[in-house]
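In what follows, a structure is listed as structure tokens, so that the remarks can point back to it.
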There are 2 protein chains.
Amino acid sequence: MKFNKLLENCKIYEAGKPIELVVREYGVKQEDIIKLASNENPYGTSTKVVKKIQELAKNMFMYPDDSMYELKEALGEKFDVNSKNVIIGAGSDQIIEFLIKAKCSENSKILMAKTTFAMYEIYGRQEGCVALKTEDGMHNLEQFEALYKEHNPEMIFLCIPNNPLGECLDKEEVYKFLEKVSSETLIVVDGAYQEYAAYKDPKKRIDPKELITKFPNAVYLGTFSKAYALGGMRVGYGIGDEAIIKTLYKLRPPFNITTLSLAAAIEALKDQEFVNECIKLNFKEMKRYEEYAKKKGFSYIESYTNFITFKFENKYISSDVAQKLLERGIIVRDLKSYSVNAIRITIGREDQNTKVFKVLDEVLDELKK
Amino acid sequence: MKFNKLLENCKIYEAGKPIELVVREYGVKQEDIIKLASNENPYGTSTKVVKKIQELAKNMFMYPDDSMYELKEALGEKFDVNSKNVIIGAGSDQIIEFLIKAKCSENSKILMAKTTFAMYEIYGRQEGCVALKTEDGMHNLEQFEALYKEHNPEMIFLCIPNNPLGECLDKEEVYKFLEKVSSETLIVVDGAYQEYAAYKDPKKRIDPKELITKFPNAVYLGTFSKAYALGGMRVGYGIGDEAIIKTLYKLRPPFNITTLSLAAAIEALKDQEFVNECIKLNFKEMKRYEEYAKKKGFSYIESYTNFITFKFENKYISSDVAQKLLERGIIVRDLKSYSVNAIRITIGREDQNTKVFKVLDEVLDELKK
């Protein structure tokens, strides 16, 4: 059967390996597996949220409130915007999909850093877009500007801080760049890890309200998957000018969030103390990773997120390291698929990290031989 | 800002009114509201599934197993197909979206009954498709055939049984029709309510394996939202030829099912006894609705689902009936948006239905005056 020709350029996205697969393929016991591949919150979901969901589990038969009134009100309050400026997605991924579909068509151009969140390009290809990428892996706004001027793209993606590398632009430099961009260009500021960046360095903090007020052509994306510890529940949001948000609603499938996801997100917003504590611990533990890299003599990228990227240059091959860790039950993300000889490790809990260093010692020793 | 011109033809889907909205707008107490508007399973989710989810709620921070190995294996076993013939969606809705996107492009034609599931046309419009509709509201295969021959559409949608009307084609007549259709035309057999139809009349039962073996251009859709009582958890599936399923995977966003949804679906498949009991009670209670309509002197459509459609002809205006029920805390679906002067009522539990008849008596009396 013939299909839409745009699909010929589409590949299947490869997610981080799940624990179940490592149990099946390598026979490691489930309880011994440490998964630090998908930047989940290693401290688990807030016990208050877990309790709420246990109470509400009996409501699974019922469709969610598709108006998402309560969650949109809560986010509106948190960010001091109107709920009409808010749209909820099945992860912020889904908002990316809506945005590309709303703005682009075949041969539209979308501009992004060379090494950034893979879904920008994947959703782009589904619509037949051409991805323009900077020469540098990390965000380089001079290169963004040059490409913008040369190609006048329909959309620009800024991942602040950037996944999978971890670096983060300053708010002021972002604003300076955006001032040069036409109001017809749709800007996406992906703030999936903003909670971490804002804690580490206030200069990195992007305020959604300020952003969309200064730049009505910009949409801010946030998620409950990282600091809010609901990676498995698929809840993200977009904040933007009402005209843009209204257009995105045309593309939102009904009931795009589950009944329990909606309740979990509402509850998670109430437990800010838990989120703050997780972020504090994250950066305390990150120091140990930085010291480990220094000790071993390879470099890392200064990270404003809940993960760290170890660059192996010509010392090791990232796929070998990732594979050997996997066989020992430690799942990390090999960045080979991004054409980078590096691994990305989610900053785990203290006990997990201690084990990571121990196993990594063994693996690196073995690979040296 | 300019958007993709295809969106100009897109409308926002209006879901059934949620309980929260009736509480907010009409001040009815939450516990007094009876929601029979979205064809949820009124007996609630199986207690075994609820218990499992309560145990697993602590895993909300973790992304689901994106390979969905266990659920695909379980569905493969249930339907005696290979797991490579199975794809999971956030509701069968999402599979409809994948199918249209995979097969169609601007000006593609999609054929369907006049009054059928609204999402076929909604997703179609997002891709710029033209919807061809039969003259009759209910499925009329002669009209399907005539339109097929005249227009040679890229896709044909058969909703068996049909939502929102409730009628159901026989398997044999479906097969006879499909034999006349080119293998280049993608056929969608939407079996969202098949469990109900198959119980009521075995002639209506479509076996997915038989269907896709006879017609490799057909995809069967099933859902956990109805008989399996997981409407709020957004899990559906498509069963088709491996080549089609593989193509759909290119369009599947990673982690399109939540961690708890995946676990709930796996568990729900194990409690077949619960499903059977719900279906039995459904048809026992449906008889009361049929008798009620007869007593009141208006007609209904013989239904093979968990809802019934009351047609008011020139006796009442469906919107008036639905609105007056709403103000009294009973939510049903006005079919005005489908251009039909009828209401669709989900068959509730015995106590709920008793109250519906009582309140409907009052409402109809009032409207007669």
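The values are calculated or read from the model by the stated rules, or taken from the named source; none is laboratory data. What you are looking at is a predicted structure, and each value in this text was computed from that prediction instead of being measured. So basically every Cβ, Gly included, is an ideal-geometry build from the backbone, and we count neighbours across all protein chains shown.
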Quiz item: Considering only residues of the stretch B:23-42 that are over 30 Å from residue B:280 (Cβ atoms) and in contact with a Lys or Arg (Cβ under 8 Å, 6 or more places away or on another chain), which is surrounded by the fewest Cβ atoms within 10 Å (Cβ to Cβ)?
Solution: B:23
Practice problem: Find the residue count for the stretch A:236-253, including only residues that are assigned to a loop (DSSP other than H, G, I, E, B), of a type outside the set (A, V, I, L, M, F, W, C) and out of contact with any Gly (no Cβ under 9 Å at 6 or more places or on another chain). | Solution: 3
Quiz item: Across the stretch B:247-275, what is the total count of residues that are farther than 25 Å from residue A:233 by Cα and in contact (Cβ under 8 Å) with a residue 40 or more places away in the chain?
Solution: 3
Practice problem: Within the stretch B:170-216, track down each residue that is among the charged types (D, E, K, R) and in a helix (DSSP H, G or I). | Solution: B:171, B:172, B:173, B:176, B:195, B:200, B:203, B:204, B:209, B:210, B:214
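Select, from A:304, A:220, the only residue that is farther than 30 Å from residue B:126 by Cα, away from chain B (no Cβ under 13 Å), of a type in the set (Ser, Thr, Tyr) and outside any helix (DSSP H, G or I).
Values: A:220 fails: farther than 30 Å from residue B:126 by Cα.
After applying the criteria, what remains is A:304.
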Quiz prompt | Yes/no for residue B:360 being modelled with pLDDT under 95, over 30 Å from residue B:77 (Cα atoms) and crowded, with 20+ Cβ neighbours inside 10 Å | solution = no
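Residues of the stretch A:114-131 being more than 14 Å from chain B (Cβ to nearest Cβ) and either in a loop (DSSP other than H, G, I, E, B) or buried (at least 20 other Cβ atoms within 10 Å of the Cβ) (or both), which ones?
The answer is A:114, A:115, A:116.
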Practice problem: Have a look at B:69, B:13, B:43 and point out the one that is of a type in the set (Ser, Thr, Tyr) and at pLDDT below 90. | Solution: B:13
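Only residues that are among the acidic types (Asp, Glu) and under 21 Å from the mean Cα position of the chain (by Cα): list them for the stretch B:290-314, please. First the steps, then the outcome.
Initially, the stretch B:290-314 is screened for residues among the acidic types (Asp, Glu), giving B:290-291, B:302, B:313.
Correct list: B:302 only.
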Quiz item: Which one of these is within 21 Å of the chain's Cα centre (by Cα), of a type in the set (Lys, Arg) and more than 10 Å from chain B (Cβ to nearest Cβ): A:171, A:180, A:226?
Solution: A:171
Exercise. Quickly run through the stretch A:102-113 and pick out the residues that are surrounded by fewer than 24 Cβ atoms within 10 Å (Cβ to Cβ) and within 15 Å of residue A:10 (Cβ to Cβ).
Key: A:106
Quiz item: Which pairs do you get when a residue that is touching a residue at least 60 places away in the same chain (Cβ under 8 Å), found in the stretch B:103-116, comes within reach of a residue that is aromatic (Phe, Trp, Tyr) and not in a loop (DSSP other than H, G, I, E, B), reach meaning Cβ atoms under 8 angstrom, with the pair 6+ apart or on two chains?
Solution: B:115/B:338
Quiz item: Taking the stretch B:215-239, which residues are over 26 Å from residue B:172 (Cβ atoms) and either at pLDDT below 95 or hydrophobic (A, V, I, L, M, F, W, C) (or both)?
Solution: B:224, B:229, B:230, B:233, B:235
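Residues of the stretch A:37-94 being of a type in the set (Ser, Thr, Tyr) and either more than 26 Å from residue A:210 (Cβ to Cβ) or more than 7 Å from every other protein chain (Cβ to nearest Cβ) (or both), which ones?
A:38, A:43, A:45, A:46, A:47, A:63, A:67, A:83, A:92
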Exercise. Pick out the one residue from B:270, B:296 that is surrounded by fewer than 20 Cβ atoms within 10 Å (Cβ to Cβ), modelled with pLDDT under 95 and in contact with a helix residue (DSSP H, G or I) (Cβ under 8 Å, 6 or more places away or on another chain).
Key: B:296
